[in-house]
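The values are calculated or read from the model by the stated rules, or taken from the named source; none is laboratory data. In this text the structure is predicted, and so the values were computed from the model without any measurement. Cβ atoms come from the backbone with ideal geometry, glycine included; neighbour counts cover every protein chain shown.
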Amino acid sequence: MLKWDDTPSVSAMRCSRAWVEVNLDAVYHNVCLFRGLLRPTTELMAVVKADAYGHGAVAVAQTALAAGATWLGVATVPEGIELRQAGINAPILVMGALHHAEEVRALARWQLQPTIVTPKQALVFAEALSDACLPLPVHIKLDTGMSRLGFDWQRALEFIEFVGRLPALQITSLYSHFATADDPDETEMRRQHERFESAIATLKNHNQLPAHLHLANTAATLTDANALQYDMARVGLGLYGLAPAPHLQSSLKLKPALAVKARITHIKTIPAGTGVSYGHQFIAQHPMTIAVVGIGYADGVPRQLSNQLTVLIGDRHIRQIGAITMDQLMLDVSDIHGLREGDIVTLLGNSASHQITADDWAKGIGTISWEILCGFKHRLPRIMKKKSARELYPTEDSLL
Ligand SMILES: *Cc1c(COP(=O)(O)O)cnc(C)c1O
């Protein structure tokens with residue numbers, strides 16, 4: 001018998017073969033930890049691009065704002081519009097490249113603030129906004145060593161003066177982005193910082209310094225919040241409870257916010273010598289009990305983890321066997337008794353005494369936790385978990 005009925009009462013979860021659980025209390029906790037690293041006057045931007053690294057942009061943004069973030073960062077215009085349509089009024093920076101007049105008008109319409117990286121782009125913006133009644137607030141980005149978006153830091157003055165002459169645009173901040181802030185060797189990060197400082201000095205001398213400056217991502221904030229926070233820190237990964245690198249792990253007690261769970265859909269025994277899954281990469285050496293689980297690479301479980309993944313059932317580590325398939329994978333459950341179809345398997349997340357994180361998966365296949373988190377597809381429903389509002393945000397009378 002399938003036991004769909006003795007699960008928590010969230011309907012999306014009850015019917016699902018697999019889902020993502022997002023612990024919004026963990027996001028709240030992590031935002032508080034980062035707020036604690038920053039001066040009271042430094043703003044915290046919650047970077048919620050890519051659907052909040054797969055966690056669900058609207059719920060994460062609302063939680064981060066409640067916990068003390070004051071800005072939101074996205075990569076694209078539609079990501080910004082999604083937040084506005086959910087009723088979120090906080091300032092939103094679009095960090096990706098925008099070139100089309102349509103996008104510019106959408107920015108103005110939804111009050112999203114773009115990143116300007118070339119004079120040509122500034123002209124497109126000015127042209128598209130020529131009949132707007134208010135100037136559009138924009139952020140100037142310098143390339144100080146990432147070699148991605150941004151104008152050459154050595155020509156910052158010329159660029160700012162150019163954009164400053166366009167009445168349709170109002171420069172509100174100057175920023176840059178680190179390439180190697182998660183490297184234990186800080187040389188290159190310090191070099192980028194010096195270049196940013198050098199551009200600031202030149203702009204100051206010519207009375208052209210924008211009102212706000214920002215530079216740090218999660219790694220830079222964890223490495224040296226003191227020197228690198230400026231007027232704002234743009235924090236992504238840390239909000240989701242992961243450290244950008246092992247040497248940055250110990251400084252804060254971050255809580256991973258995302259768990260991935262799936263159900264056992266089928267249990268069977270196979271005789272010795274039986275091959276399991278495509279290509280028979282795994283051959284049973286003895287009679288085995290295997291469990292089929294309803295999640296696969298089309299959901300975001302990397303196929304390269306085939307035969308090296310472990311999952312949690314109850315408080316036990318269980319190994320995955322054979323190739324991970326598009327929608328399903330198999331486990332060796334020979335040593336577990338009393339398992340039933342419908343039982344829940346934790347692929348990422350906690351049990352009583354164990355934890356499997358996106359870092360564990362990333363290490364196994366030579367990638368980074370960011371890519372693992374962003375890899376969970378929308379086929380997996382997101383289940384948002386949080387304590388009651390009252391517990392999370394104590395009111396005055398509950399504090400008495
Ligand atoms: C994604 C992004 C961030 C956040 O980076 P994390 O390492 O996840 O903190 C900050 N700034 C810019 C420009 C980004 O693109």
- Only one of 174, 213 is within 16 Å of the ligand (Cβ to nearest atom), surrounded by 23 or more Cβ atoms within 10 Å (Cβ to Cβ) and at pLDDT 95 or above; which? 174
- When you scan the stretch 118-221 for strands (runs of 3 or more DSSP E) that lie fully inside it, which ones turn up with 2 or more residues that are of a type in the set (A, V, I, L, M, F, W, C)? 136-143, 169-175
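Could you list all residues from the stretch 28-63 that are more than 11 Å from residue 232 (Cα to Cα) and of a type in the set (D, E, K, R)?
From the stretch 28-63, those more than 11 Å from residue 232 (Cα to Cα) are 28-34, 36-37, 47-63; that's our starting set.
Result: 49, 51.
Each row is one residue, and each column tells you yes or no for (1) in the same structural domain as residue 356 (by TED's automatic domain parsing); (2) more than 23 Å from residue 357 (Cβ to Cβ); (3) away from the ligand (no atom under 12 Å from the Cβ).
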residue: 188; (1), (2), (3): no, yes, yes
residue: 195; (1), (2), (3): no, yes, yes
residue: 203; (1), (2), (3): no, yes, yes
residue: 222; (1), (2), (3): no, no, no
residue: 247; (1), (2), (3): no, no, yes
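Whether any residue in the stretch 156-178 is of a type in the set (Ser, Thr, Tyr) and touching a helix residue (DSSP H, G or I) at 6+ places or on another chain (Cβ under 9 Å) is what I want to check. It would help to see each step written out before you state the result.
Applying the first criterion (of a type in the set (Ser, Thr, Tyr)) to the stretch 156-178 yields 172-173, 175-176.
Cutting the leftovers down to touching a helix residue (DSSP H, G or I) at 6+ places or on another chain (Cβ under 9 Å) gives us 175-176.
Looking for residues that are of a type in the set (Ser, Thr, Tyr) and touching a helix residue (DSSP H, G or I) at 6+ places or on another chain (Cβ under 9 Å), one finds at least one in the stretch 156-178, hence yes.
Working only within the stretch 320-336, note down all residues that are over 15 Å from residue 275 (Cα atoms) and either at pLDDT below 95 or surrounded by fewer than 19 Cβ atoms within 10 Å (Cβ to Cβ) (or both). Even if it seems obvious, please write down each step before you answer.
Here is the first cut: in the stretch 320-336, the ones over 15 Å from residue 275 (Cα atoms) are 326-328, 333-336.
Result: 326, 327, 334, 335, 336.
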- Just a yes or no: is a residue in the stretch 139-152 more than 24 Å from the chain's Cα centre (by Cα), under 27 Å from residue 70 (Cα atoms) and modelled with pLDDT of 95 or more? yes
- Query: Name the pairs: first residue in the stretch 230-254 and hydroxyl-bearing (Ser, Thr, Tyr), second residue within 10 Å of the ligand (Cβ to nearest atom), Cβ to Cβ under 8 Å, at least 6 apart or on different chains?
  - Reply: 230/214; 230/215; 230/216; 240/53; 240/373; 251/222
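Looking only at residues that are assigned to a strand (DSSP E or B) and among the basic types (Lys, Arg) in the stretch 287-319, which one is nearest to residue 273 (Cα to Cα)? Even if it seems obvious, please write down each step before you answer.
In the first step, residues of the stretch 287-319 are kept if they are assigned to a strand (DSSP E or B); the result is 288-293, 310-313, 316-319.
In the following step, the residues that additionally are among the basic types (Lys, Arg) were identified as 316, 319.
Details: 316: 26, 319: 18 Å.
Across the stretch 287-319, the extreme among qualifying residues is 319.
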